[in-house]
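Notes to accompany the following structure.
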Amino acid sequence: QVQLVESGGGLVQAGGSLRLSCAASGSIFSIYIMGWYRQAPGKQRELVATITPGGTTRYADSLKGRFTISRDNAKNTVYLQMNSLKPEDTAVYYCYAAEIGRGYWGKGTLVTVSS
């Protein structure tokens, strides 16, 4: 079992920045990828970014250049730095971790960007 706890969400004005954190605990040795997804009101959950233990990253095309994913393996924590935020970035952001045959989700953290 893997437990994921997100933090760092909140209210920010358009153009501002936030950094989300996701701390993993439990059977973390089995995790081979971690990442962030988001779900805006009335929309499906979508990929934001993922990162492997070796640091290989992948981003949603629409977010490249504004969002940066990183990880601290010593702290078992993944970060999402979000810059130049837009109202359309408003969503619940979920941390995700995968091991072979199974995925885990955090409970999510709300990001609200005001115009």
Original post:
For region 28-47, what are the residues that are touching a strand residue (DSSP E or B) at 6+ places or on another chain (Cβ under 7 Å) and more than 16 Å from T77 (Cβ to Cβ)?
Top reply: S30, Y32, Y37, R38, Q39, A40, R45, E46, L47
**OP:** Run S7 past the list (1) open to solvent by less than 30 Å² (accessible area, probe 1.4 Å); (2) touching a Leu at 6+ places or on another chain (Cβ under 8 Å) and report the number of the one that doesn't hold.
**Re:** (1)
**OP:** Any residue in region 63-90 that's free of Cβ contacts under 8 Å to residues at least 24 places away in the same chain: show its pairings with residues that are part of a loop (DSSP other than H, G, I, E, B) and open to solvent by 30 Å² or more (accessible area, probe 1.4 Å) at Cβ separation under 7 Å, as long as the two are six or more apart or on different chains.
**Re:** R66/N83; R66/S84; N73/P53
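Residues that are open to solvent by less than 40 Å² (accessible area, probe 1.4 Å), at least 2 per element: which strands (runs of 3 or more DSSP E) completely within region 23-107 meet that?
On the way: elements: 33-39, 46-51, 57-59, 67-72, 77-82, 91-99, 102-105.
Because the criterion is at least 2 residues that are open to solvent by less than 40 Å² (accessible area, probe 1.4 Å), the strands (runs of 3 or more DSSP E) in region 23-107 that meet it are 33-39, 46-51, 67-72, 77-82, 91-99, 102-105.
The values are calculated or read from the model by the stated rules, or taken from the named source; none is laboratory data. Everything quoted here is computed from the prediction, not taken from an experiment. Heads up, the Cβs are rebuilt from the backbone with ideal geometry, glycines too, and the neighbour counts pull from every protein chain shown. Keep in mind that these areas ignore ligands, DNA and RNA; they rest on the heavy atoms of the full protein, side chains included. Shrake-Rupley method; radii C 1.70, N 1.55, O 1.52, S 1.80 Å.
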